[in-house]
Amino acid sequence: MSSSSSPAEPGGGAAPDVDRALLAALARDGRASYTELAERVGLSVSAVHQRVRRLEQRGLITGYRAGIDARLLGLGMTAFVSITPLDMAEADDAPAKLAHLDAIEACHSVAGVESYLLKVRVASPEALEALLREIRATANVSTRTTVVLSTFYEDRPPL
(Lines give C-alpha, C1' and ligand atoms only; values in the text may rest on other atoms or scores of the structure.)
Protein backbone atom coordinates (compact mmCIF):
# COMPACT_ATOMS: atom_id res chain seq x y z
CA MET A 1 0.00 0.00 0.00
CA SER A 2 1.56 3.30 -1.01
CA SER A 3 1.45 6.40 1.16
CA SER A 4 -1.05 7.98 -1.25
CA SER A 5 -3.52 5.10 -1.11
CA SER A 6 -5.92 4.72 1.74
CA PRO A 7 -6.68 1.76 3.89
CA ALA A 8 -10.16 3.23 4.30
CA GLU A 9 -10.90 5.14 1.10
CA PRO A 10 -9.51 4.85 -2.44
CA GLY A 11 -8.07 7.91 -4.10
CA GLY A 12 -5.66 9.33 -1.53
CA GLY A 13 -5.96 12.71 0.18
CA ALA A 14 -6.06 13.82 3.81
CA ALA A 15 -8.57 11.21 5.01
CA PRO A 16 -6.28 8.28 4.15
CA ASP A 17 -3.42 9.90 6.05
CA VAL A 18 -5.67 10.23 9.12
CA ASP A 19 -6.75 6.59 8.85
CA ARG A 20 -3.13 5.46 8.53
CA ALA A 21 -2.21 7.58 11.55
CA LEU A 22 -5.05 6.01 13.54
CA LEU A 23 -4.00 2.51 12.50
CA ALA A 24 -0.38 3.21 13.44
CA ALA A 25 -1.37 4.66 16.82
CA LEU A 26 -3.64 1.72 17.63
CA ALA A 27 -1.04 -0.81 16.48
CA ARG A 28 1.40 0.67 18.98
CA ASP A 29 -1.12 1.16 21.79
CA GLY A 30 -4.41 -0.69 21.45
CA ARG A 31 -5.56 0.78 24.77
CA ALA A 32 -5.28 4.41 23.63
CA SER A 33 -8.47 6.30 24.38
CA TYR A 34 -10.47 8.04 21.69
CA THR A 35 -9.44 11.33 23.32
CA GLU A 36 -5.74 10.45 22.98
CA LEU A 37 -6.25 9.33 19.40
CA ALA A 38 -8.16 12.52 18.57
CA GLU A 39 -5.29 14.62 19.90
CA ARG A 40 -2.76 12.66 17.81
CA VAL A 41 -4.64 13.02 14.52
CA GLY A 42 -6.31 16.41 15.04
CA LEU A 43 -9.96 15.31 14.86
CA SER A 44 -12.86 15.35 17.28
CA VAL A 45 -13.39 12.39 19.56
CA SER A 46 -16.64 11.46 17.78
CA ALA A 47 -14.94 11.59 14.35
CA VAL A 48 -12.16 9.32 15.61
CA HIS A 49 -14.70 6.91 17.09
CA GLN A 50 -16.53 6.70 13.74
CA ARG A 51 -13.29 6.18 11.80
CA VAL A 52 -12.07 3.45 14.15
CA ARG A 53 -15.44 1.69 13.95
CA ARG A 54 -15.31 1.88 10.13
CA LEU A 55 -11.74 0.51 10.10
CA GLU A 56 -12.92 -2.38 12.30
CA GLN A 57 -15.91 -3.07 10.03
CA ARG A 58 -13.71 -3.13 6.95
CA GLY A 59 -11.43 -5.67 8.61
CA LEU A 60 -8.34 -3.46 8.80
CA ILE A 61 -8.45 -3.66 12.59
CA THR A 62 -8.85 -7.32 13.40
CA GLY A 63 -8.72 -7.12 17.18
CA TYR A 64 -6.92 -5.82 20.24
CA ARG A 65 -4.53 -7.80 22.40
CA ALA A 66 -2.22 -7.54 25.35
CA GLY A 67 1.50 -7.94 24.73
CA ILE A 68 2.89 -10.55 27.11
CA ASP A 69 6.52 -11.01 28.08
CA ALA A 70 7.05 -14.75 27.58
CA ARG A 71 10.33 -14.67 29.54
CA LEU A 72 8.51 -13.51 32.67
CA LEU A 73 6.16 -16.48 32.24
CA GLY A 74 9.15 -18.81 32.28
CA LEU A 75 9.22 -19.27 28.50
CA GLY A 76 12.64 -17.79 27.82
CA MET A 77 13.58 -19.94 24.84
CA THR A 78 12.29 -19.15 21.36
CA ALA A 79 12.95 -21.34 18.34
CA PHE A 80 11.85 -21.68 14.75
CA VAL A 81 11.00 -25.21 13.71
CA SER A 82 10.74 -26.11 10.03
CA ILE A 83 8.67 -29.22 9.40
CA THR A 84 8.49 -31.53 6.40
CA PRO A 85 6.04 -34.43 6.00
CA LEU A 86 7.69 -37.85 6.11
CA ASP A 87 5.11 -39.26 3.71
CA MET A 88 4.07 -36.88 0.93
CA ALA A 89 1.18 -39.22 0.04
CA GLU A 90 -0.53 -38.48 3.40
CA ALA A 91 -2.94 -35.60 3.86
CA ASP A 92 -1.28 -32.22 4.45
CA ASP A 93 -2.93 -31.58 7.82
CA ALA A 94 0.02 -30.78 10.08
CA PRO A 95 -1.36 -27.37 11.16
CA ALA A 96 -4.61 -28.96 12.36
CA LYS A 97 -2.77 -31.82 14.08
CA LEU A 98 -0.47 -29.39 15.93
CA ALA A 99 -3.01 -26.67 16.81
CA HIS A 100 -3.50 -28.03 20.35
CA LEU A 101 0.17 -27.46 21.28
CA ASP A 102 0.27 -24.17 23.20
CA ALA A 103 4.05 -23.88 22.82
CA ILE A 104 3.53 -23.23 19.09
CA GLU A 105 3.00 -19.49 18.80
CA ALA A 106 2.72 -19.32 15.00
CA CYS A 107 2.48 -21.68 12.04
CA HIS A 108 3.32 -20.44 8.54
CA SER A 109 3.04 -22.32 5.25
CA VAL A 110 6.30 -21.67 3.40
CA ALA A 111 7.84 -22.19 -0.01
CA GLY A 112 11.00 -24.23 -0.19
CA VAL A 113 12.11 -27.62 1.07
CA GLU A 114 10.05 -27.48 4.26
CA SER A 115 6.27 -27.21 4.29
CA TYR A 116 5.70 -25.15 7.44
CA LEU A 117 7.66 -22.89 9.76
CA LEU A 118 6.63 -22.91 13.41
CA LYS A 119 7.56 -20.30 15.98
CA VAL A 120 7.73 -21.93 19.41
CA ARG A 121 8.39 -20.73 22.95
CA VAL A 122 9.49 -23.07 25.72
CA ALA A 123 11.18 -22.92 29.11
CA SER A 124 14.38 -24.84 28.38
CA PRO A 125 16.36 -26.97 25.95
CA GLU A 126 14.79 -30.03 27.55
CA ALA A 127 11.31 -28.62 26.97
CA LEU A 128 12.24 -27.88 23.34
CA GLU A 129 13.47 -31.43 22.89
CA ALA A 130 10.20 -32.81 24.31
CA LEU A 131 8.16 -30.49 22.08
CA LEU A 132 10.10 -31.60 18.99
CA ARG A 133 9.40 -35.24 19.83
CA GLU A 134 5.70 -34.44 20.20
CA ILE A 135 5.60 -32.49 16.92
CA ARG A 136 7.29 -35.34 15.05
CA ALA A 137 5.03 -38.01 16.51
CA THR A 138 1.79 -36.04 16.21
CA ALA A 139 2.20 -34.77 12.65
CA ASN A 140 4.48 -37.49 11.17
CA VAL A 141 7.08 -34.91 10.11
CA SER A 142 10.79 -34.33 10.22
CA THR A 143 12.03 -31.14 11.87
CA ARG A 144 14.87 -28.67 11.49
CA THR A 145 15.26 -26.26 14.40
CA THR A 146 16.90 -22.86 14.78
CA VAL A 147 17.19 -21.53 18.34
CA VAL A 148 16.89 -17.76 18.81
CA LEU A 149 19.81 -16.24 20.73
CA SER A 150 18.37 -12.73 21.04
CA THR A 151 15.53 -10.70 19.56
CA PHE A 152 16.07 -7.09 18.60
CA TYR A 153 12.47 -6.38 17.60
CA GLU A 154 9.31 -8.35 17.09
CA ASP A 155 5.61 -7.80 16.36
CA ARG A 156 6.30 -4.51 14.60
CA PRO A 157 3.20 -2.90 13.15
CA PRO A 158 3.16 -2.81 9.32
CA LEU A 159 2.70 0.98 9.25
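The values are calculated or read from the model by the stated rules, or taken from the named source; none is laboratory data. The shown structure was predicted, so the numbers you read here are calculated from the model rather than taken from an experiment. Note: ideal-geometry Cβ built from the backbone for every residue, glycine included; neighbour counts use all protein chains shown. Accessible surface areas use protein heavy atoms only, side chains included; no ligands, DNA or RNA. Shrake-Rupley method; radii C 1.70, N 1.55, O 1.52, S 1.80 Å.
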Worksheet item: So what's the back-of-envelope 222 nm ellipticity for the chain, counting only DSSP H runs of four-plus at -39500 (n - 2.57) apiece and dividing by all residues, rounded to 500?
Response: -10500 deg cm²/dmol
Worksheet item: Considering only protein heavy atoms, what per residue accessible area in square angstrom results for the chain with a 1.4 angstrom probe?
Response: 64
Discussion item. With every protein chain left in place and a probe of 1.4 Å, what is the accessible surface of Tyr34, to the nearest 10 Å²?
Written reply: 80
Worksheet item: Mind listing which GluC sites (Glu not before Pro) in segment 25-109 are in a DSSP loop and have 16 or fewer other Cβ atoms within 10 Å?
Response: Glu90
Worksheet item: With contacts defined as alpha carbon pairs under 8 Å and 6 or more residues apart, what's the relative contact order of segment 1-156 in percent?
Response: 20
Worksheet entry | Total formal charge among the other residues, if their Cβ is under 15 angstrom from that of Gly67, Lys/Arg +1 and Asp/Glu -1 | +1
Worksheet item: Whats the longest run of the chain with zero trypsin sites (Lys or Arg not before Pro) that are DSSP loop and have at most 14 other Cβ atoms within 10 Å?
Response: 66-159
Worksheet, complete the sentence: The local net charge around Gln50, scoring Lys/Arg +1 and Asp/Glu -1 for residues other than Gln50 whose Cβ lies under 12 Å from its Cβ, equals +1
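Relative to the present Cα-Cα distance, how much length would full extension add between Gln57 and Ala111 at 0.36 nm per residue of separation? Before the final figure, lay out the partial values.
Values: separation 54, 0.36 × 54 = 19.44 nm, distance 3.21 nm.
Gain in length upon complete extension: 16.2 nm.
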Worksheet item: Among Tyr116, Ser150, Val81, whose Cα sits farthest toward the positive end of the charge dipole of the chain (+1 at Cβ of Lys/Arg, -1 at Cβ of Asp/Glu, about the Cα centre)?
Response: Ser150
Worksheet, complete the sentence: Yeah, segment 33-96 with a ≥ b ≥ c from its alpha-carbon gyration tensor (a/c under 1.5 is rounded, else prolate when a/b outruns b/c, oblate otherwise) is oblate
Discussion item. Take Arg71 and Glu39, extend 7 Å from each Cα along the Cα→Cβ direction, and tell me the distance between the two endpoints in nm.
Written reply: 3.1
Worksheet item: Between Phe80 and Asp102, what is the label-to-label distance in nm when each label sits 7 Å out along the Cα-to-Cβ direction?
Response: 2.6
Response to the item:
Carbon/sulfur accessible area of segment 14-126, % of total, 1.4 Å probe, equals 53
Worksheet item: Once you sort the root eigenvalues of the Cα gyration tensor of the chain as a ≥ b ≥ c, which label holds: rounded (a/c under 1.5), prolate (a/b larger than b/c) or oblate (the other case)?
Response: prolate
Worksheet entry | Simple label model, 7 Å out from Cα along Cβ direction - His49 to Ala91, nm | 4.8
